[in-house]
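Please read the structure below before turning to the comments.
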């Protein structure tokens, strides 16, 4: 009888990615990496994440994807249908 994948991972001490990314060593490495990447601050990331949930963002995205078509006033599902037809 063979071992399951989970049993093999335990025997070989292979960590699941969810567990690995929570370890202090990885967290510290990830933070140090930001020094060299010129990345946005956490506040900027949060601001953009919130903006992507707005109607303005949906309209802008739709307009960008369909410069020759107009989705203005259409719900997101209507815009999606328009995309499929193009």
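Structure data summary
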| read-out | value |
| --- | --- |
| Gain upon complete extension [residue 9, residue 56; 0.36 nm per residue less C-alpha separation] | 12.3 nm |
| Euclidean distance between Cα centres, segment 48-63 to segment 30-46, Å | 22 Å |
| Gained length - residue 20 relative to residue 35, 0.36 nm times residue gap less alpha-carbon distance | 3.2 nm |
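Values in this text are rule-based calculations from the coordinates and carry no lab data. Computed from a predicted model, the values in this text were never measured in an experiment.
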